[in-house]
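Here is the structure we will look at.
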């Protein structure tokens, strides 16, 4: 069984969801009106690996913060993912911080580090190749300092959206 690694920054910021608390995206604006928080999700992948890498790690490093995280079949976000950050470095390594609120299971350790590489012409990112935490995340889009990643965990579709400063 593949172990899930949070990166989506992602790793990635992309880890275990079973123990996470689910919340809803709806907030009451007034008694008659409900506001729905919408998050920009990029749909375009950079046209070259060089452009992808520049946008992904900025030629040195970029810190990505989770702004949305969903698990298929459940409404809303998982709060334990919304304080996750990942620093992606140009040398092919990353440092992950699971934040104050951890999800449990594979996400029981706050700080981790590992490796990453872009594969399939920028359509996927492979994390921690050759380890028990190896995970491939699909890149749904990378534009305007926002990246959308998806994958599977225990047969369930997961999706994370991350932004950089």
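The values are calculated or read from the model by the stated rules, or taken from the named source; none is laboratory data. Nothing here was measured: the structure is a model prediction, and the numbers come from that model. Because the Cβ atoms are built from the backbone with ideal geometry, glycine has one as well, and the counts that use them run over all protein chains shown.
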Requested in this report: Confirm whether residue 98 is modelled with pLDDT of 85 or more, under 29 Å from residue 132 (Cβ atoms) and touching a helix residue (DSSP H, G or I) at 6+ places or on another chain (Cβ under 9 Å).
Outcome: yes
Report summary line: Requiring at least 3 residues that are out of contact with any helix residue (DSSP H, G or I) (no Cβ under 8 Å at 6 or more places or on another chain) and surrounded by fewer than 22 Cβ atoms within 10 Å (Cβ to Cβ), the strands (runs of 3 or more DSSP E) wholly within segment 104-165 are 111-119, 135-143, 146-153, 156-164
**Report entry** Any pair with Cβ under 9 angstrom, 6 or more apart, that starts in segment 37-49 at a residue that is closer than 14 Å to residue 119 by Cα and ends at one that is assigned to a loop (DSSP other than H, G, I, E, B)
**Finding:** 45/123
